[in-house]
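What follows is one structure encoded as structure tokens, with my remarks underneath.
The values are calculated or read from the model by the stated rules, or taken from the named source; none is laboratory data. All values reported here derive from a predicted model rather than from experimental measurement. We place every Cβ from the backbone using ideal geometry, glycine too, and count neighbours over all the protein chains shown.
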């Protein structure tokens, strides 16, 4: 057998890269675990210094609390004056994906972000509420958005057409999700792959968004339907009571 065959060499190189990548991730996890547990001002100072070496980019005045974890720091960019609360988890799981968090972004407790095969971008001055999950392929969230707690934004889907193969062994599809600027996403909203929510839209609590939402729309329900358009000449009344009334009607 010719051990110098190009296919064998390529396979060996791929295995070496995979092993090296696992070692890097293990070392990275150990470093972040130690850094994230350091309390008070000394801990914040050491984290700030170390993160500047580990991440692609870290802006000034980034405030990262204890208990925040990262995977794939070389594919993660953090803007200036961001605030990451306890329990936030940010993962870029391979070299084909990256995560960009712009200036003045606030990720509340337990937010989970995972980039699988494409990029995730969160625009400046955007707030993401507690325990919201953002995961999958390409996801773009615009500037000045408000995303409430326990939302699910998944830009991926399992392929399941072949009943003779376990679903977990079949491939996934990645269409992407876009949320325009100045959107308000209510608590518990589910946004599925392939959806675009237009600029300035409001999505009522508990809605499941399965189709595109035009700009400056108010949408509620399962599946989400547009019930009105935002009008600058009409006083804003997008309260929880209003949404409840629309559900009942």
Residues located in the stretch 151-173, provided they are over 15 Å from residue 121 (Cα atoms) and crowded, with 17+ Cβ neighbours inside 10 Å: 151, 156
Total residues in the stretch 48-65, condition outside any strand (DSSP E or B), modelled with pLDDT of 80 or more and under 18 Å from residue 89 (Cβ atoms): 2
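For (1) over 18 Å from the mean Cα position of the chain (by Cα); (2) within 24 Å of residue 108 (Cα to Cα); (3) at pLDDT 95 or above, each residue gets a yes or a no:
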{"residue": "179", "(1), (2), (3)": "no, yes, yes"}
{"residue": "191", "(1), (2), (3)": "no, yes, yes"}
{"residue": "200", "(1), (2), (3)": "yes, yes, yes"}
{"residue": "207", "(1), (2), (3)": "yes, yes, yes"}
{"residue": "221", "(1), (2), (3)": "yes, no, yes"}
First in the stretch 189-210 and at positive phi and in contact (Cβ under 8 Å) with a residue 12 or more places away in the chain, second anywhere and surrounded by fewer than 24 Cβ atoms within 10 Å (Cβ to Cβ) and not in a strand (DSSP E or B), Cβ under 6 Å, 6 or more apart: 194/175; 200/182; 200/215; 200/216; 206/188
Residue list for the stretch 78-99, filter: more than 21 Å from residue 182 (Cα to Cα), touching a helix residue (DSSP H, G or I) at 6+ places or on another chain (Cβ under 7 Å) and crowded, with 22+ Cβ neighbours inside 10 Å: 92
Enumeration of residues in the stretch 100-126 that are in contact with a strand residue (DSSP E or B) (Cβ under 9 Å, 6 or more places away or on another chain), closer than 14 Å to residue 150 by Cβ and surrounded by fewer than 19 Cβ atoms within 10 Å (Cβ to Cβ): 110, 112
